[in-house]
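Here is the structure we will look at.
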Amino acid sequence: MATGLSLVIKRLETIFGPLSKFSNYISALFLCIMPLPVFLDVLARFMFKGAVPGAIEIEGFMLLIIVFLGLAFTQVHEGHIRIEFLVSRLPKWARNVTDSFAYLISTLFFFLMSSQLVLKGFQKIQDHEISYDLEIPTSIFWFIAGAGALLLALVVLVDFLKVLQRSVESDKRLWLVPALAASLFLLFAPMLGLAPSGLSGAATGVLGMCLLFILLFLGMPIGFGMAFTGFLGMIVIYKGVKPSLAMLAIGPYSTGASYMLTVVPLFILMGELAYHSGISKDLFDTASKWLGRLRGGLAMSSVAGCAGFAAVCGDSLATAVTMGTLAVPEMKNKNYDMSLATGCLAAGGTLGILIPPSVGFIFYAIVTEESIGKLFIAGLVPGLLLAGMFIVSIFLIAKLRPDAAPRGEPTSFKEKIASLKGVVGMLALFVLILGGILAGIFSPVEGGAIGAVGAFVYALLRKRVTWKMIVLASEDTLSITCKLLLILIGVGILGYFLAATRLPFSLAEFITGLHVNRYIIFTGVVILFMVLGCLLNVIPMILLVLPTIFPSITALGFDPIWFGVVTVITMEMGQITPPIGVNVFAIASVAKDVPMQDIFRGIVPFLICMIICVVLLTVFPQIALYLPSVLFQ
């Protein structure tokens, strides 16, 4: 049986591997074109009081193509985001069993999704539906979405067969039987009417969320698990499969073709272009020229570089790894205490999702429907405050332990002035985006396209544009976008279910009825975010947790913009907190000879700074709210 499976797997890989790669090339092509319609539309509006006809529709359709045609290759290449905390600790045979359970459900589910998208496409042909501005048949895009979902299902099928082969070859193969039976029962029992009945909406919602977390901790990718749970929950709520099947077509398509979500790949592309054009090295070199002579100067330069790169990147892991790659060898050569060196970089990386423009704020705005512009401005002062606190803590450590942070080489004033050209690109992009948004020249969504074009122009002026740089930037952007948009598709489907159960609102009513001080509840939420931050990156965490918690926060009277800033900081605290600490693992991949416990030890002073920052924001919320109140009247 194992030999037969091996032949089938090889045959399928020779077909679907190249096919997913080809579809990814098409996706990458549209990604590179994507900023142009918005950029030209803003330019025409600003200079000629005109507009590019159908620019919004063009962007929405391009996003759908980018996402659905990139999903399969993302699964082949790296796999979609999943929680590895539990399954990574299982014996190999047990992990094979849990993977077979998750992959079989996922395969069947995406086949089902694909069929519903295609059927919807045929319905659009019968209805002769055309787009509003471009006047082209919308059925084309339903079929593209269906084809992308089908290719994803086939790729996941190959993953399932690989796991099945490994399980069959092990001496624990009998465990496969209950795992596969459970997956089939879980999918088909509700469709056949074998589902709990007589439950209230809130109780159904609670059971659904319990199922979701069980699936996620068993290793099912987050987007898969959220979509599947929402689908099953809708069947239970509406006591029939038809509403769920209809939602299985409408939900993914409306998410994939959403103009508002084009902000995601555009800002990510801007950050990737900035990174691959060498802007991070420029920032670190400039900071080290100005601060390097001080005790702890290189560590301070690392934090300053993280803050600067955060203004064009927007992601904490990318910021930590990028600056770590540059700074760790330098600090090692200068005989820095590597606990301090790695600790400041892991903590400095957290600035990547706080200082605007921040991808974390973008997703917070998507989930809560708050203003992206207000969130960007609200994160500015807290981000700079936190960066300043990190630098002060390094200064104090260097004073108390001079051997941990020796002085660097002196540089002349002329060299310092000359080095300032390294910050020109970052400042230009920062001013261009935030200035344009605040001046009303373009919206935050359009700001992503302007930033992407700006980052490309900067690289062009510095003569750093190469074919390799464009390919790497587009590949990385595409991978991140597809991972995050699949989670958003799952959030959309799960959202239909949660709305039907009214669980978030029931939870809000329950919490407000407890008659306890709201700051006690707020403290509990902060602790929850810190714990979850140990397991997940910030953006998946926002998408997973916030839809349920946010109504309770607003019901308690907390300002949603202020809470967005606090949310990002507290979730980032989890990124550097033992025992997991995602940023710590990222830095460990750069500083391979530094023991993990040393990095965690170096984190402590910076973790204290983050706690103090949250306390300051709680006591003085105007730290975050003053600028938005002045600039958005």
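The values are calculated or read from the model by the stated rules, or taken from the named source; none is laboratory data. Computed from a predicted model, the values in this text were never measured in an experiment. Neighbour counts are summed over all protein chains in view; Cβ atoms, including those assigned to glycine, are modelled from backbone coordinates with ideal geometry. Ligands, DNA and RNA are excluded from the accessible area calculation, which covers all protein heavy atoms including side chains. Shrake-Rupley method; radii C 1.70, N 1.55, O 1.52, S 1.80 Å.
Of note:
- Accessible heavy-atom area order of ARG401, ARG502, ARG11, highest first, probe of 1.4 Å: ARG11, ARG502, ARG401
- Heavy-atom SASA rank of ILE235, ILE81 (probe 1.4 Å, accessible area, largest first): ILE81, ILE235
- Checked against a 26 Å cut-off, the cross-linked pairs LYS332/LYS483; LYS120/LYS239; LYS10/LYS120 give Cα-Cα distances beyond that limit for LYS332/LYS483; LYS10/LYS120.
- Restricting the stretch 517-618 to trypsin sites (Lys or Arg not before Pro) in coil, as DSSP defines it, with at most 11 other Cβ within 10 Å: LYS592
- Here the convex hull built on the C-alpha positions of the stretch 88-184 has a volume of 103 cubic angstrom per residue.
- Distance between the modelled labels on LEU119 and MET596, one decimal in nanometres: 4.7 nm (7 Å Cα→Cβ projection).
- Area accessible to solvent at SER412, 1.4 Å probe radius, in Å²: 50 Å²
- Largest accessible area first, the listed residues PHE22, PHE395 line up as PHE22, PHE395 when surface is computed with a 1.4 Å probe on the assembled protein chains.
- Three semi-axes of the equivalent ellipsoid, the stretch 295-450, Cα gyration tensor, whole Å, largest first: 31, 17, 12
- Among the GluC sites (Glu not before Pro) found in the stretch 353-441, those both in a DSSP coil and sparsely packed, with 10 or fewer other Cβ atoms within 10 Å of their Cβ, are GLU369.
- To the nearest ten degrees, helix 263-276 and the longest principal axis of the Cα atoms of the chain are 50 degrees apart.
- Paramagnetic reach from LEU631 (point 7 Å along Cα→Cβ, amide N under 17 Å) across the stretch 422-442: 426-442
- When nucleic acids and ligands are ignored and a 1.4 Å probe is applied, SER552 ends up with an accessible area of around 10 Å².
- Normalised by the number of residues in the chain, the average gap of Cα pairs under 8 Å and 6 or more apart makes the relative contact order 19 percent.
- Among the listed options (1) 146, 62, 53; (2) 75, 63, 60; (3) 77, 68, 59, the one matching Cα extents along the principal axes in Å as calculated from these coordinates is (2).
- Between GLN126 and LEU186, the FRET efficiency estimated from the beta carbon spacing at R0 = 35 angstrom works out to 0.55.
- Over the residues of the chain, the helix contribution to mean residue ellipticity at 222 nm works out to -26500 deg cm²/dmol, using -39500 (n - 2.57) for each DSSP H run of at least 4.
- Cα centroid of the stretch 123-174 to Cα centroid of the stretch 337-370, whole Å: 34 Å
- The residues packed around SER301, meaning those with a beta-carbon under 13 Å from its beta-carbon, carry a net charge of +3 if Lys and Arg are +1 and Asp and Glu are -1.
- In this calculation the C-beta distance from ILE250 to ILE520 is compared with R0 = 51 Å, giving a FRET efficiency of 0.80.
- Estimated at the nearest 10 Å², the accessible area of LYS162 is 70 Å² with a 1.4 Å probe.
- Counting charges near LYS399 (Lys, Arg +1; Asp, Glu -1) among other residues having Cβ under 13 Å from its Cβ returns a value of +2.
- Degrees separating the helix 92-126 axis from the principal Cα axis of the chain, which is the longest one: 70 degrees
- Between the stretch 604-633 and the stretch 4-40, the Cα center-to-center distance that results, in Å: 43 Å
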